[in-house]
1. Give the cross-link partners of Lys320 among the lysines, using a straight C-alpha distance below 16 Å as the criterion and excluding same-chain residues fewer than 8 apart.
2. Ranked by Cβ crowding within 10 angstrom, fewest neighbours first, how are Ile417, Ile453 ordered?
3. Sort 557-565, 536-544 for me by packing, meaning the mean count of neighbouring Cβ atoms within 10 Å per residue, highest on top.
4. If you take every residue apart from Ile125 with its C-beta less than 12 Å away from the C-beta of Ile125, what net charge results, scoring Lys and Arg +1 and Asp and Glu -1?
5. Taking the Cα-to-Cβ direction at Trp440 and at Lys149 and moving 7 Å from each Cα, how far apart do the two end points lie in nm?
6. Figure the gain on full extension for His352 and Arg95 (residue separation times 0.36 nm, minus the Cα-Cα span) and round it to one decimal in nm.
7. Please report the net charge: other residues with Cβ closer than 11 Å to the Cβ of Ala289, K and R +1, D and E -1.
8. Take Tyr278, Tyr591 and order them by how many other Cβ atoms sit within 10 Å, fewest up front.
Amino acid sequence: MKPMISIPLFLALLLPGLQIAAAQAPADPVPEALYRQRCAACHDHPQDRIPPRFLLGFRSPNAVVRTLTRGAMRPMAEGLDAAEIAGLATLLTGRAPGTDPVPSANPCARPGSPVKVGAHDWPVIGRDIAGTRFQPAPGLRVEDLPRLKLKWAFAYPEGASGPAQLAGGRVFLASGDGTVHSLDARSGCSYWSFDAGRSVRAVTVALLVPGSDRTAVIFGDDQGAVTALDATSGARLWRTEVETHPLARITAPPVVHEGRVYVPVSGMEDPLTHDPDYACCTHRGSVAALDASTGRLIWKRYTIEEAPRPLPGTGATGPKHFGPAGGSVFTPLGIDVRRRLVYAATAEAYGHENPPGAYSVIAFDMETGAHRWQRQFMPAEKDRARICHEAGESDCRNMFSMSTQVMVRALPGGREILLAGSKWGWMYALDPDANGRTLWRRKVGKGGDLGGIMYGPSADERTLYVPVADTIVLPPQRAGGLAALDLATGKVRWQIESEAPVCSWQLGRAASCTDVNTCDCSSAKVAATTAIPGAVFAGGWDGHVRAYSTRDGRLLWDVDTAVPVPAVNGIEARGGQVGGYPVVVSGGAVYITSGASAMGRPGNALLVFEPQAEGPHP
Ligand code: HEC
């Protein structure tokens, strides 16, 4: 791939009034010049998913190096040597790579017993393969919530990369430094860790083959491969390259069902759509099925079936352009056991056309991968510009992405429906027996590039709890909230606004600050919600996690996750924005991952809470 050098020029033309603002006085002019040349166009003009420069400063220098060499910023750092990359990391974070505090191994005194997934564990991001994020047997009562106290904390080396999953008395998680860990759920001691040598994402724990006793930890990475480890020992079982496009990656965890691993494939070509010198675009999202025992690819299908071809009328003054492209699958796949279908929710197309497969829910046959049906949720061409303008968005593609895992939920009478949300702020209920026909739809957020609805709702037997992000509003307005919708009708049972944001992770910057280049305090509820009988947990971008009564939305518990605490692995855990991953509740404990690396927001904490014993203390 050719080096990218022209974005600053391009943006300078677009934004003549904007000066590039150096956040800190540079010690060394060389990295600063490199930053201006390669990075400033985006990070000094944060929009969409681009984190502002000051937020990159909260990250560890090693994490920045990894992002540039192995992660999402690989194309932006193309052609830079190790010294230049180290210089950029030092410039951005104020510390040299290699100076991060080193976590201790904290090994468990005894080897763990073989891992078996229990009925009330939380082994996949959606808790079950239908993605309900409902824990019917949490091991704690609503009355216990006010007594929750921190029991132990773990510091994710170089930041969180996925939520903690619970299975067989252990915690499994992926970290920003490319390691996967198996910890004891009671004490946090370590059974094993595995260095994947790549940027890894959220993990799934599952039985490899029904009826066997082989439990695996399965995860994707930023190079389009899926790896399976033995859950008990951490030994590698297999690794399969699912997609070979240089910008392919796997963002969401795979899901396992009946001996097959279903993999959602996304890409990191989207930031390049802004670069006039890039031959945009050739990456298409896809869905694959692998044999769980061997990793063998059984089938793979693109979300946009038509292959990209050179676009007429391009190439005269810049590179030839290609399309259709896009349709990434950033969310886990929904598994429909009864109809033997796999559902993908797809993101934007990279051009301004509207190819079938982007902005859609697609149903694939589990056996063969054949498209069974697909439905697109992009508004008509004539309405698009107006809707975008009303949402205050410059880029009219991303905001129409489907943003949540397709959830399969049974209504009280047994009838099943599908639930899917969009960044535009709509929640849809679809009929799985009528090719996804809309049963009801409800707009719960204003919508925009950062959502609308982002990581998705949870649902108990009667109610859907939808987190609303609407991140980009300026104080004193409050972004987002929480809506409880009747599953059968979509009617609003209750709806609450977000609380005033706190943001202690910003280290003293005022919550009322409005300059996106120096502060980023929002009350948005971006993270997925979690439901237990009587309560729903929602994470905030202000670093708090709150639990609300499912009856009326009354606040039951509120914790600031951005307060530094000592971690069992010997370094400090400090949360940040609770950015994406759901709170996990299992075995009477509440597991919170705070600080999500996906959008460059700071934080490295796994915080484990349990109710403190009642009665007098000595
Ligand atoms: C074309 C726009 C663009 C350019 C140029 C760019 N970035 Fe980024 N950067 C992004 C976007 C978008 C994200 C969020 C990525 C995501 O969500 O996966 C990001 C994220 C990051 C992150 C956090 C990544 C993570 O995985 O958490 C770091 C660190 C970063 N950029 C550093 C840099 C540096 C250093 C440069 C210059 C060498 C650079 N970026 C150039 C758009 C850009």
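1. Here the lysines satisfying the reach criterion relative to Lys320 are Lys2.
2. Working: Ile417 21, Ile453 31.
Fewest-to-most ranking of Ile417, Ile453: Ile417, Ile453.
3. Details: 557-565: 18.7, 536-544: 28.4.
Top to bottom by mean Cβ count within 10 Å: 536-544, 557-565.
4. Details: positive: Arg127, Arg133, Arg201; negative: Asp128.
Net local charge, Ile125 excluded: +2.
5. 4.3
6. On the way: separation 257, 0.36 × 257 = 92.52 nm, distance 4.12 nm.
Once the chain is fully extended between His352 and Arg95, it gains 88.4 nm.
7. Details: positive: Arg260, Arg296, Lys300, Arg301; negative: Glu258, Asp291, Asp365, Glu367.
Every neighbour counted, the sum reads 0.
8. With the fewest neighbours first, Tyr278, Tyr591 line up as Tyr278, Tyr591.
Read-outs: derived from the displayed coordinates by stated rules, not from any lab. Note that the coordinates shown come from a computational prediction; the quantities given were computed from them, not determined experimentally. Using ideal geometry, Cβ is built from the backbone for each residue, glycine included, and neighbour counts are taken over all protein chains shown.
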